[in-house]
1. Identify, by number, the condition in (1) polar (S, T, N, Q); (2) in contact with a Ser or Thr (Cβ under 6 Å, 6 or more places away or on another chain); (3) free of Cβ contacts under 8 Å to residues at least 60 places away in the same chain that S202 doesn't meet.
2. Of the numbered conditions (1) under 21 Å from K346 (Cβ atoms); (2) modelled with pLDDT of 90 or more; (3) loosely packed, with under 14 Cβ neighbours inside 10 Å, S82 satisfies every one except a single condition; which is it?
3. Looking only at the range 248-258, how many residues end up being touching a residue at least 24 places away in the same chain (Cβ under 8 Å), under 21 Å from I139 (Cα atoms) and not in a loop (DSSP other than H, G, I, E, B)?
4. Which ranges mark the strands (runs of 3 or more DSSP E) fully within the range 296-365 that have 3 or more residues being open to solvent by 40 Å² or more (accessible area, probe 1.4 Å)?
5. Which residues, taken from the range 260-281, are under 30 Å from N110 (Cβ atoms), aliphatic (A, V, I, L, M) and more than 18 Å from the chain's Cα centre (by Cα)?
6. With the requirement that a residue be more than 18 Å from E70 (Cβ to Cβ) and either of a type in the set (K, R) or in a loop (DSSP other than H, G, I, E, B) (or both), what does the range 1-41 give you?
7. For Y92, indicate whether it is in contact (Cβ under 8 Å) with a residue 12 or more places away in the chain, part of a strand (DSSP E or B), open to solvent by less than 90 Å² (accessible area, probe 1.4 Å) and not basic (K, R).
Amino acid sequence: MKRVLKTYQLELEVCGPVYVGSGMEIQKKEYLFLNRNTVGIIDIDKLYMLAKKKHLEIEFEKFMVVDGREDLKHWVERNRISLDEIKCCMKYKINVGDIQMEKGRMQIMNFMRDPYGNPYIPGSSIKGMLRTILLAADIMKNPLYYKQEVQKIKMELDGPIRNRNILQKNIGGIEEKAFHKLNRTEKSKDAVNDIMSGIIISDSKPLSNEDMILCQKWEYHIDGSSKTLNLLRECVKPGTVIKTSMKVDESINQITSEKIMEAVKKFYQFYYSVFQSKYPIADQMFDETVFLGGGSGFVSKTVIYSLLGEREGVQAVQDIFDKTYVPKEHKHYKDCRLGVSPHVLKCTKYCGKTYMMGQCKFKIY
């Protein structure tokens, strides 16, 4: 079959800070608050050279290796290192959203960066987001096609078994039924049979440090109460436009931009109905809303509600949390009574405004 490639441009306008983690943490010895609104991220090699210049090599080694309690700010002040000197040792500076300083150290999670230190969004993250949206939309459009899989999920959740990978096989079977249609091998579960292999999304164009902010993790409850955690994440700030491209091999996948936008709108309308609308703090957004990256929540990354509907979905999600050993202090046993699961909305604050994490306006052309 002749291979026909069609190229689309994708844009995601950031409406709520987007976090795509590198898996790395910026340690307390690698950053300091320059003021209430700005954090400097330190290049440790440059800091060592400064310490050597000031004959502080031994002090620096003790600080880095021996004393686990002291943070960079106190070490700098104790050794009378000026602000101008420490600025020369910085990789970059980053603005800080609205934060509440709690007791204990503030943990900072690093964003994905390229070899030149520029933040970017991996194409795999965007493709994974679209895969969930397309699957959920197909389930809602063809519920009878997935009826057998729904029964299997109910049976597994009704059973006594508890493990962290519960439903993994069931969800894999649903994805196989939706996407594995190429018949390239005898085993349909083989990845080469997946029609999504015909979609290639490139990494985003590089972003700059001016596009980034540090966001504190906030948790909002349906009664309007909130809680902050000592966790900061490097995020793409609201107003930034993430740009990338998508190539579709039409000999493998006949998806069109119209079908993708239809699925995006259907997914968000359903997401708002079964989850977001339960929180008075979260106003309904554009029909073209998608959720990208970490902190955007369980509901935006799964198809449980699409499979089971709102009423049965709440019970199923509560059961999933119970069977995957989510700690009791998270109080998911209250979810059914509250009418929403999970009963916490993950947000952040920036410039006096509350944002849902990962919320973007999606465009394809």
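The values are calculated or read from the model by the stated rules, or taken from the named source; none is laboratory data. Bear in mind the structure is a predicted one, so any value in this text is a computation, not a measurement. Cβ placement follows ideal geometry from the backbone for every residue including glycine, while neighbour counts extend to all protein chains displayed. Note: accessible area is taken over every heavy atom of the protein model, side chains too, but ligands, DNA and RNA are not part of it. Shrake-Rupley method; radii C 1.70, N 1.55, O 1.52, S 1.80 Å.
1. (3)
2. Checking S82 against (1) under 21 Å from K346 (Cβ atoms); (2) modelled with pLDDT of 90 or more; (3) loosely packed, with under 14 Cβ neighbours inside 10 Å, the one that fails is (1).
3. Residues flagged as touching a residue at least 24 places away in the same chain (Cβ under 8 Å), under 21 Å from I139 (Cα atoms) and not in a loop (DSSP other than H, G, I, E, B) within the range 248-258 amount to 1.
4. In the range 296-365, 344-350 are the strands (runs of 3 or more DSSP E) which contain 3 or more residues that are open to solvent by 40 Å² or more (accessible area, probe 1.4 Å).
5. I281
6. M1, K2, R3, V4, K6, C15, G16, P17, V20, R36, N37
7. yes
For (1) hydroxyl-bearing (S, T, Y); (2) part of a helix (DSSP H, G or I); (3) more than 30 Å from V344 (Cβ to Cβ); (4) open to solvent by 50 Å² or more (accessible area, probe 1.4 Å), each residue gets a yes or a no:
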position: K217; (1), (2), (3), (4): no, no, no, no
position: P238; (1), (2), (3), (4): no, no, no, no
position: M246; (1), (2), (3), (4): no, no, yes, no
position: V264; (1), (2), (3), (4): no, yes, no, no
position: Y268; (1), (2), (3), (4): yes, yes, no, no
position: Y271; (1), (2), (3), (4): yes, yes, no, no
position: P280; (1), (2), (3), (4): no, no, no, yes
